[in-house]
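We did not get these values from a lab; they are worked out from the coordinates using the rules stated. Please read these numbers as outputs of a predicted model, since none were measured by experiment. With ideal geometry, Cβ positions are generated from the backbone for all residues, glycine too; neighbour counts draw on all protein chains shown.
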């Protein structure tokens, strides 16, 4: 039971913040090991828990909205309070809201500032800048704009599929998969207008490639067919 309470109080707030940040699209370069994940959760616990305890203490000291009995000023008092169901509910509820707010602030504003500082140093050292996303796959296929692509393999150029991307694998899914829609329509459109792709995504391990057609060319081809 002590281990459970310790996990609930000293790890859960950090896990919440980590979950929200990843859900908002800020992902690590590689999947963290258990030890790294635990260390990150402990580090993220600090801002979330301190803010939650601060708000809890304000509620305890406010005579108008007084919902709690005692303030918490030490780790020992935090451990003692963790045996109370009322405190646990209040602490987890506050941590959920606070971690969400912190994650929004980080994903929307602070991450861009952090990346700007990192890229300034990398440029000063002569390295290429880091992109906003942590992988080539995310950079190309996980945006909300529509993309018409051709999928094939370098060794089998005659076997291709053309369509618009509807779904794409997330960052840490074991396989890179794309779900295409309107394959017949876009295959005919590309062939009839002789559209060429300027951008390629190539898997150097398997030889699979994805050609990305220019949006303006696709739109113009559709308009030409509509006029006819």
Fill in the blank from the handout: Residues 89, 141 in order from fewest to most other beta-carbon atoms within 10 Å are 89, 141
Fill in the blank from the handout: Expected sort for 146-158, 114-126 on mean C-beta neighbours within 10 Å, highest first, is 146-158, 114-126
Fill in the blank from the handout: Asserting the computed 222 nm helical MRE of the chain (DSSP H runs at least 4 long, -39500 (n - 2.57) per run, divided by residue count, to nearest 500) equals -17000 deg cm²/dmol
Handout entry: Relative compactness, region 64-187, computed as alpha-carbon Rg over 2.2 N^0.38 Å
Key = 1.78
Practice task
Give me the angle, in degrees from 0 to 90, between the Cα long axis of helix 85-105 and the longest principal axis of the Cα atoms of the chain, rounded to the nearest 10.
Solution key: 40
Practice task
Return the inverse of the average 1/r over all pairs of distinct C-alpha atoms in region 136-227, which is the Kirkwood hydrodynamic radius, in Å to one decimal.
Solution key: 13.8
Practice task
Just the Kirkwood number for the chain, please: inverse of mean 1/r across all distinct Cα pairs, in Å, one decimal.
Solution key: 21.8
Practice task
Would you mind putting 13-20, 163-170 in packing order, based on average other-beta-carbon counts within 10 Å, highest first?
Solution key: 13-20, 163-170
Practice task
Return the ratio Rg/(2.2 N^0.38 Å) for region 96-144, where Rg is computed over Cα atoms only.
Solution key: 1.40
Completion exercise
Over all Cα pairs of region 2-125, the Kirkwood radius sets Rh, and Rg/Rh then becomes 1.06
Completion exercise
Note to self: C-alpha centroids of region 124-202 and region 207-228 sit apart, in Å, by 13
